[in-house]
1. Once fully extended, how much extra length lies between A:His162 and A:Glu459, figured as 0.36 nm per residue of separation less the alpha-carbon to alpha-carbon distance?
2. Hey, if you put +1 on the Cβ of every Lys and Arg and -1 on every Asp and Glu Cβ in the protein assembly as shown, which of A:Ala623, B:Cys65, A:Leu693 ends up farthest toward the positive end of that dipole?
3. In terms of modelled amide H atoms, which long-range or inter-chain residues lie less than 5 Å from the amide H of A:Arg65?
4. If amide hydrogens are placed 1.01 Å from N in the peptide plane, which non-local residues have theirs closer than 5 Å to the one on A:Val658?
5. Can you give the average number of partner chain beta-carbon atoms within 10 Å of each beta-carbon in peptide A:185-197, as a whole number?
6. Residue by residue through the stretch A:225-237, which ³J(HN,Hα) values in whole Hz follow from phi under the Karplus form 6.51 cos²θ - 1.76 cosθ + 1.60 (θ = phi - 60°), with glycine and proline marked x?
7. Hey, rough spin-label estimate for A:Thr640 and A:Thr493, points 7 angstrom out along Cα→Cβ, what's it come to in nanometres?
8. Taking Cα pairs under 8 Å and at least six residues apart, what relative contact order does the stretch B:91-160 come out at, in percent?
Amino acid sequence: MTIHDVERDLPLSLQANPRLADWLSILPSGVVEVRSGKVELGQGVLTALAQIAAEELDVDVARIRMTAAATGTSPDEGYTAGSLSIQHSGAALRQVSAEAREIYLSVAAAYWQVSVDSLVVDDGMIAAPDGRTTTYWDLADDLLLDRPVTGETEPKPTSSYHVVGASVPRIDLPDKLASRPRYAHDLAFAGKLFGRIVRPPSRGARLLDVDTEPTRALAGVTAVVRDGNFLGVVAEREEVALAAADRLRADATWHQHPTLPDEDDLAGFLTSAPAETSILAEVHADGVPGSAVNSYESSYHRPYLAHAAMGPSSATALASNADGVRLDVWTHSQGVYRLRRELARALELTKEQITVRHVEGSGCYGHNGADDVALDAALLALAVPGQPVQVVWSRPDELGWAPYGPAAVVRIAADVDADGGVLSWRHEIWGNGHATRPGFTRAVGLLAATERDGGEEIEAAGEPSLAHGGGAGRNSVPGYAFPAYRVVNNRLTVMPLRTSALRSLGGFVNVFAIESFMDELATAAGRDPVEYRLAHLSDPRGRAVIEAVVRKSGWAKWSAADSVGHGIGYARYKNSSAYCAVVAEVEAIDEVRVRRLTIAVDAGLIINPDGAENQIEGGAIQATSWACKERVRFNDLTVTSDTWESYSILRFSEVPTVDVELLPGDGNPPLGVGEAAQGPTGAAIGNAICDALGVRVRTMPFTREQIVTAMPD
Amino acid sequence: MTDTLPPRSTVLVNGRREEVRTEPDTALLYVLRNHLGLKGTRFGCGLGSCGSCFVLLDGEPAYSCDTPMWAVADREVTTVEGLGTPERPHPVARAIVDGQAAQCGYCISGIVIAAAALLADNDDPTEADVRAALDRNLCRCGAHNRIVRAVLAAAAEARAK
């Protein structure tokens, strides 16, 4: 194998960060320290990565200490996003751990003058055939791993796994349950000050005047910061910071002007706004096309969706001026290196002057306010050097100012033959992009940077290539074996509300549209939705998840009842990741109530079955909430759905029963599970509503109002 | 900025009388988290509508984020820390770990409070009882069903003793 081949075969994260010691330290105390560039978002990834390292090293998983990502000490693995952590960091740690094991065994083998192959390892204890033993901990030496990965050590065959594939309990939960401080919100520093931001009253509002004196006069207020339209306060106590922010807000005068489209005709806005049109995929039929007997067309629409995490965004920053400016930031960002670069741009510092450390936050479902709040905290900290400042966003700011998952319209048209079989398929998308993360935009991609004096608006998001999973185009290419298809994206070049990545990106609306339309075509042809899908699906793993969910849900034994229906949705996430099929059972009397979701998933090798089920079930419940209840509301000035009353999410009494079946990995490599269920769940619910009521609802959320609107006149 | 110290107030938390210096209209939440270092009670909305900040006030779940200090002067506050210790967790907390009934975990302490109050009143709740008792608690990760099973398991275990 040439060096070139080795490089090509190494996981991407290892090509970028080849030094073994960057990933792993074996400590004399019997601990293995693992530094992944991926971060815990509440998805349990640290546990899964610890399992992978423990498996290859042959140590108990309890010995693995996962270190939170930080610039300067962790490998740079970009963002923790796209359900790629196991594929990226897991693959890297697997190779690093296998090589570390080999290196330690070589040391013991050389000392004993035996072959490496004759040694066995059990929880870090290395034993020779003659009974002599030593341990990793006795041999621990940092220099041993101070070398680049070679790619020459073969990791274990998956068939020998015993730690990977086991439902190891989450390593972070005991702290969280025992109320030990683990969240960014809980950081304790001596002399910590409390900051709050006064955001503009509406989009694009300009601060005309603010009297800061009454705020400064409040006992316990340390600083008031104004920079253009950016306003913030720093105080000794949190209750003082809250009162000071209220005072400052009351003493500010703003110029406001309408910038937002008419929410009641959002679909009209999306399909008429300035856009850049591109063909994402196109396949022409081989040979003579069959003759079309019928043509159909339908349009589908989803609103803007909020991340709506339970804990608002929070960061702490500490600036020092001792030897030139230094800035330390603690936040729950998905990408500490990317954030550091963006902070450096915003503050005109070098990245060497900044350290960003990940601290766990509330659940993270995509690009939320975690990066924005870091700049908020930094701007306040720079005003009070030497004193750490913690900023926590208010609930209205969290729901009103964090990026949203974009609204979209999808129109699908198809020509079908005499049996209803698809001859050609056209899929067209209108909406904003999903990629305004820091580092993806020309302007600094942080909210406060747009508010500061001379700040630039963040431009409309671009569209990543389908090879990178796509954004608006994610899951827009049909997974069915259609003879001809064409996929077009109209990427809006204006962005009235900031949009970015929210779990499953365009996959949610594209799968909703495709799978609704498949049902519409099946109905038109008088065919069963399951039979119709299978007739168009050649991928055996896709067929297997549909067949599994049909079996498990009792699809064939369904007995129709008034106002109760069932429906199916299927997709392979990103057309390249996990396969998922969902059957939804709904009751639609006064409101839609989803009673049961049955889900089958093939995600290849599963690292932690219980964790995977938890992720799939959680994703499906969140998607049920999106599909049935959620819609960002706004008037021409600003977002109005900024409390839990105006942006309501699914409650305990509304949550469906969820049954998840994980199909055997069958030797296939691991695929991410965090985003596989969203699209199929939304689609299955829409199809079930149609089955229950005979009404095809093509606009989300499936509220009583939308159902009434969808009823034929 | 002035050097006037904020007024004294006292509060009975987890069986201990604590004295803090803050204004009478300060929400109990900030006193618990910052003055007393009890980080288990969490800020979620500040508006009394998500349950992340639940504590027991004389045994009943209450939103600490919109309960002012003046209103708790002669009442008994129990936080999630007061329900158990890391070594001897409350049965609901233990059942949640045993059932891996969380994802991000941020909402969990408020849920433990609500569930503890339910089980104190009703040692044999139905699933519908549990869902109704937790309906003021929001969870965004979708751990609801696991949480409900954990609360039922904790109730069953308590009855078996």
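1. Length gained, A:His162 through A:Glu459: 102.1 nm.
2. My answer, from the dipole projection, is B:Cys65.
3. Under 5 Å from the amide H of A:Arg65: A:Val32, A:Glu33, A:Val34.
4. Amide H neighbours of A:Val658, under 5 Å, 5+ apart: A:Leu597.
5. On the way: counts 5, 5, 1, 3, 0, 0, 0, 1, 0, 2, 0, 0, 0.
Taking all residues of A:185-197 together, the mean is 1.
6. Result, ordered by residue: 10, 10, 9, x, 9, 8, 10, x, 10, 10, 9, 6, 10 Hz.
7. A separation of 3.2 nm, rounded to one decimal place.
8. So the answer I get is 51 percent.
Read-outs throughout are calculated quantities, based only on the coordinates presented, and are distinct from any laboratory measurement. Being a predicted model, the structure only gives us computed values, none of them experimental. So basically every Cβ, Gly included, is an ideal-geometry build from the backbone, and we count neighbours across all protein chains shown.
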